[in-house]
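Quick notes on the structure that follows.
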Amino acid sequence: MRATAIAQPNIALIKYWGKRDVARNLPAVGSISITLSELFTEMQVHLDARLSADTLTVNGQADSAMLPRLGSCIDRVLGDGRPHAEIRSRSNFPIAAGLASSASAFAAITVAAAAAAGQSPSTAELASLAGRASGSAARSLYGGFVELANSEDDIVVRTIAAASEWPLNVVVAITEAGPKAVGSTVAMETSRKTSPFYSSWIEQQDQDLDAARQAIHDRDFSQLAAVAEHNCLKMHSVMWTSRPPVVYWNSATMRCLQAVRDMQADGLGVFFTMDAGPQVKAVCLPECTDAVRASLASVNGVTEVMVSALGDGARLVEPG
Ligand code: DP6
């Protein structure tokens, strides 16, 4: 009754922001992401009827913060009356700082919990279960370029191009390693209820998805750059115009954006995107990676720079 799974975070190029069904955590919009290879979360689930409660350790330390959400995620996979679980999590990047740590955590625990119980659901079923825990987690079940689309009462997730078909790199500039002030679940609801831009955000999403899908199909980096930056800034405009405002950026975030603009002016194939946190993710052509890394590392306020290629979906690393 034990299994270990690994999942990589994903970075949305066309963002998920807003829910159409809060109870079932169904997104209001489709999204397109890239799954990373170098960053990971590993989850070991040990189901044991003798345990009196679920327990969690994160990187070797007892930590109950994520336990309720992880426990509910296991409930959804295994149903009521399941044995309690000893959960061990390990990760090589900052947690809860807008680096999609919840995506890799929930993708990994969904796969590990099912395997620990001897179940073998399809990847589509696992994605749907992971998505109930955290919308972006559904995308980490798949590798490469991933599209999440809404169906009538669920989601449909698929790889639209494998990592090897268009090997881009991502340079992540960490500007603040601590946990974010407002989690995305709460912030999304604030945006839905209060931002005057929310309805146009929803209305315009399909055209951004179409443009990004086409750019990926054509391997057209400048088209992808244009629509991804536009979609990111539009999402942050919805956040900024929420009440209370949701502002994840800091001054180093802005300096990173300026550095990306300068590199673009010098002809480098790079664009930025940001999520619910102050970190800047610069997506770039492989031949530009060293220059992008050096440029972002020299930005005042950047504490760490990580580089990742595109990677695979969540998977088991050990038989149950
Ligand atoms: C800004 O998936 O963390 O990263 O479903 O409430 O858990 P919940 O939200 P979450 O939101 C991700 C928001 C985003 C954009 C994205 O990844 O598409």
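The values are calculated or read from the model by the stated rules, or taken from the named source; none is laboratory data. Keep in mind that what you see is a predicted model, and the values were worked out from it rather than measured. Every residue, glycine among them, receives a Cβ derived from its backbone with ideal geometry; neighbour counts consider all protein chains shown. We work out accessible area using only protein heavy atoms, side chains counted, and drop any ligands, DNA or RNA first. Shrake-Rupley method; radii C 1.70, N 1.55, O 1.52, S 1.80 Å.
Structure above, values below:
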read-out: Semi-axis lengths (Å, descending) of the ellipsoid that matches the C-alpha gyration tensor of region 1-131; value: 24, 17, 14
read-out: Cα lying deepest toward the dipole's positive end in region 208-320, options HIS217, VAL302, PRO244, charges on Cβ; value: PRO244
read-out: Carbon plus sulfur fraction of accessible area for region 105-150, probe 1.4 Å, in percent; value: 48
read-out: Cβ crowding within 10 Å averaged over residues, with 7-14, 75-82, 210-217 ranked highest first; value: 7-14, 210-217, 75-82
read-out: Charge context of HIS84, other residues only, Cβ under 15 angstrom, K/R +1, D/E -1; value: -1
read-out: Environment charge of CYS256, counting only residues whose C-beta is closer than 15 Å and scoring Lys/Arg +1, Asp/Glu -1; value: -1
read-out: Solvent exposure of region 50-185 as accessible area per residue, Å², 1.4 Å probe; value: 41
read-out: Bins of 20 Å from zero: percent of alpha-carbon pairs in the chain; value: 34, 58, 7, 0
read-out: Over the chain, relative contact order from alpha-carbon pairs under 8 Å, at least 6 apart, %; value: 26
read-out: Difference of contour (0.36 nm per residue) and Cα-Cα distance, SER164 to GLU86; value: 24.5 nm
read-out: For ARG158, net neighbour charge (Lys/Arg +1, Asp/Glu -1) across residues whose Cβ lies under 12 Å away; value: +1
read-out: Contact order normalised by residue count of region 260-320, Cα under 8 Å, 6+ apart, percent; value: 20
read-out: For the chain, built as a Gaussian network whose Cα springs stay under 10 Å, the top-fluctuating residue of ARG139, ARG88, ARG261; value: ARG261
read-out: Rounded Å value of the spacing that divides the Cα centres of region 10-44 and region 109-147; value: 11
read-out: Inter-site label distance for GLN119 and ARG2 at 7 Å from Cα along Cβ, in nm; value: 2.2
read-out: Protein accessible area in region 215-283, 1.4 Å probe - carbon and sulfur %; value: 56
read-out: Mean separation of Cα contacts under 8 Å (6+ apart) over length of region 64-214, as relative contact order %; value: 19
read-out: Label zone at SER151, where the point sits 7 Å out along the Cα-to-Cβ direction: region 99-124 residues whose backbone N lies under 14 Å; value: 122-124
read-out: Sites THR55 and VAL247, calculated FRET efficiency, Cβ-Cβ separation with R0 45 Å, nearest 0.05; value: 0.80
read-out: Amide proton proximity set for LEU26, modelled H, under 5 Å, gap of 5+; value: ARG20, ASP21
read-out: Axial C-alpha extent at least 24 Å, average Kyte-Doolittle at least 0.0 - helices from the chain (DSSP); value: 221-240
read-out: Rounded percent of accessible protein surface that carbon and sulfur make up, region 1-46, 1.4 Å probe; value: 52
read-out: Gyration tensor (alpha-carbon) shape descriptor, region 139-237, a/c threshold 1.5; value: prolate
read-out: Long-range HN-HN contacts of ASP54 with modeled amide H, under 5 Å; value: ALA85
read-out: Residue with peak Gaussian network fluctuation, the chain [Cα springs, cutoff 10 Å], from SER184, SER140, SER52; value: SER52
read-out: Residue among ALA161, ALA114, ALA294 with the largest mean-square fluctuation in a Gaussian network model of the chain, springs linking Cα atoms under 10 Å; value: ALA294
